[in-house]
Amino acid sequence: MGNYFQPEIETASREKIIEIQNEKIVKQVKHVYENVAYYRNLMDEKGVKPEDIKTIDDIKKLPFLSKADLRDAYPYGLLGTDLKDCVRIQSTSGTTGRRVVAFYTQKDIDLWEECCARAIVAAGGTNEDVCQVCYGYGLFTGGPGLNGGSHKVGCLTLPMSSGNTDRQIQFMMDLGSTIICCTPSYAAFIGESLKEKGYKPSDNKLKAGIFGAEPWTEEMRKQIEESLGIKAYDIYGLTETSGPGVSFECEEQTGMHINEDHFYAEIIDPETGEVLPDGEVGELVFTSLDKEAFPLLRYRTRDLCVLTRKPCSCGRTHVKMSKPKGRSDDMLIIRGVNVFPSQIETVLLNEGYAPNYLIKVGRENNTDTLDVDVELLPEQFSDKVSDIQAKEKALEGAMRTMLGIGPKIHLVPPKSIARSEGKAVRVIDTRKLHD
Ligand code: DLL
């Protein structure tokens, strides 16, 4: 049995959870129908009235919301309260062509921070910890969310934000940080920088890391755990539903517990919209059960994963989601074959390379091309061309086995691929420019 931030709810019986969800969904649908004209219209088009929603199972009757709806309704169209009741916005970077602006009342922020506090406690956090938050602060939800959670747990919080890695390391060492929160790619970079400065993993006081905001593989977890000397926990969330803390890993690390008292999760077939049973891979859909200012119902995340309700040794009863395999829109279709960047990462780390790579997809003579730049570690570097070529061939073979198609591998010198301080950019797909 672990420690919990809110034991009554985190270990509540299934009956109790369903009772809470039944009660909240009725209230929430009424709130949305009365206050969000955009969604009221979608419900009217579907012929669904708030009275039709009597239990959480009735949620299937409601229409979905998608990124396209968010774009259409930008900026105020999905607001559920008066602006005077909102105290903050957060937003996404908009790098994938979408800019989401989410609104929060004070209550929304309190509940969000509680979700992050649950994640920190699940990773072993207490008020004796020093929690270094190096997710970006500002519009991105990572910094503010974990910062708020860390305060609620009572940790000494270091609001570092991302970047300035020398300063991160200095504070980590001087103030004895015990928990670090950042993207997994930045954690890998911090590990690399520590080593370069001559520190061993045992030289720092870190015990746990809370990493998310981008897909990362089990191989990457192992690599980070070794380089920092910690246990690495996954955390998931998205701006549309609040930010980090929608779900988080406990010590069992077999999936992330979804905070089911606040977020109702469904898995659907992305093609047909049909709800799939536990255990099947599909698109994750969330309903915010109690958000006031930005109350999205049946929001399609595009993240692909699996739900499981197997009992967990940590004592938490909330449903677990698997690590997202990637977003359905991150999946590359190359010469008809589905390729996830995470598969490429798995091969690279298994073959002894560092997680510094860049996937380049293009089109030549109407055929898709797949090239991967892979950075050599200093000890792998050789100035003999034949050595490098042999390594490239070996890696191409391993990739072909995993992916079903063979990419062209280019081994590049140490330090030649840009490091990430936030969400790593791992793929450049120039086909899109010509489509
Ligand atoms: O990335 C919120 C967050 C901040 C989560 C810090 C965890 C830690 P967005 O920028 O809106 O919000 O991006 C959300 O990132 O739909 C997933 O595709 C991806 N994502 C988030 N967490 C994970 C994770 C934040 N643990 C999008 N594993 C989501 C894989 C993740 N993908």
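The values are calculated or read from the model by the stated rules, or taken from the named source; none is laboratory data. Please read all numbers here as calculations on a predicted model, not as lab measurements. Here the Cβ positions follow ideal geometry from the backbone for every residue, glycine too, while neighbour counts run over all protein chains shown.
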Residue match in segment 322-337 (condition: surrounded by fewer than 17 Cβ atoms within 10 Å (Cβ to Cβ), under 17 Å from Gly237 (Cα atoms) and basic (Lys, Arg)): yes
Tell me, please, whether a residue that is in contact with a strand residue (DSSP E or B) (Cβ under 7 Å, 6 or more places away or on another chain) and either within 16 Å of the ligand (Cβ to nearest atom) or within 30 Å of Lys195 (Cβ to Cβ) (or both) can be found in segment 361-371. yes
When residues of segment 1-36 are filtered for being part of a loop (DSSP other than H, G, I, E, B) and either among the β-branched types (Val, Ile, Thr) or modelled with pLDDT under 95 (or both), how many remain? 5
Looking at this structure, is Leu348 of a type in the set (A, V, I, L, M) and touching a Pro at 6+ places or on another chain (Cβ under 6 Å)? no
Considering only residues that are part of a helix (DSSP H, G or I) and surrounded by 13 or more Cβ atoms within 10 Å (Cβ to Cβ), look in segment 398-435 and name the one that is modelled with the lowest pLDDT. Arg431
Candidate set: segment 45-68, residues that are under 25 Å from Glu271 (Cβ atoms) and part of a loop (DSSP other than H, G, I, E, B); chosen: the one farthest from the ligand (Cβ to nearest atom): Gly47
Restricting to segment 263-301, count the residues that are among the basic types (Lys, Arg) and either outside the structural domain of Ile9 (by TED's automatic domain parsing) or under 20 Å from His318 (Cβ atoms) (or both). 2
Qualifying residue in segment 314-325 (condition: within 16 Å of the ligand (Cβ to nearest atom), modelled with pLDDT under 95 and more than 14 Å from Pro215 (Cα to Cα)): no
Give me a count of the residues in segment 296-325 that are farther than 24 Å from Glu8 by Cβ, of a type outside the set (A, V, I, L, M) and either under 15 Å from the mean Cα position of the chain (by Cα) or assigned to a loop (DSSP other than H, G, I, E, B) (or both). 10
Does segment 128-154 hold any residues that are at positive phi and within 14 Å of the ligand (Cβ to nearest atom), and which are they? Gly138
With the structure loaded, tell me whether Ile89 is assigned by TED's automatic domain parsing to the domain that holds Ile258 and surrounded by fewer than 18 Cβ atoms within 10 Å (Cβ to Cβ) or whether it fails that test. yes
Here the residues within segment 55-76 that are within 16 Å of Arg99 (Cβ to Cβ) and free of Cβ contacts under 8 Å to residues at least 40 places away in the same chain are Ala68, Asp69, Arg71, Asp72, Ala73, Tyr74, Pro75, Tyr76
Here are Ser382, Ser420: which of them is of a type in the set (Gly, Ala, Ser), within 16 Å of the ligand (Cβ to nearest atom) and in contact with a helix residue (DSSP H, G or I) (Cβ under 9 Å, 6 or more places away or on another chain)? Ser420
Have a look at Arg40, Arg71, Arg118 and point out the one that is away from the ligand (no atom under 16 Å from the Cβ) and part of a helix (DSSP H, G or I). Arg40
Subset of segment 372-388 (residues that are among the polar types (S, T, N, Q) and either surrounded by 12 or more Cβ atoms within 10 Å (Cβ to Cβ) or closer than 26 Å to Asp429 by Cβ (or both)): Gln380, Ser382
If we scan segment 37-46, do we find a residue that is at pLDDT 95 or above, surrounded by 14 or more Cβ atoms within 10 Å (Cβ to Cβ), more than 23 Å from Asp330 (Cα to Cα) and touching a Cys at 6+ places or on another chain (Cβ under 7 Å)? no
Subset of segment 331-363 [polar (S, T, N, Q) and assigned to a helix (DSSP H, G or I)]: Ser342, Gln343, Thr346, Asn350
Checking the structure you have, find out if any residue of segment 278-291 is hydroxyl-bearing (Ser, Thr, Tyr) and surrounded by 23 or more Cβ atoms within 10 Å (Cβ to Cβ). yes
Do we have Glu283 as in a strand (DSSP E or B) and acidic (Asp, Glu) here? yes
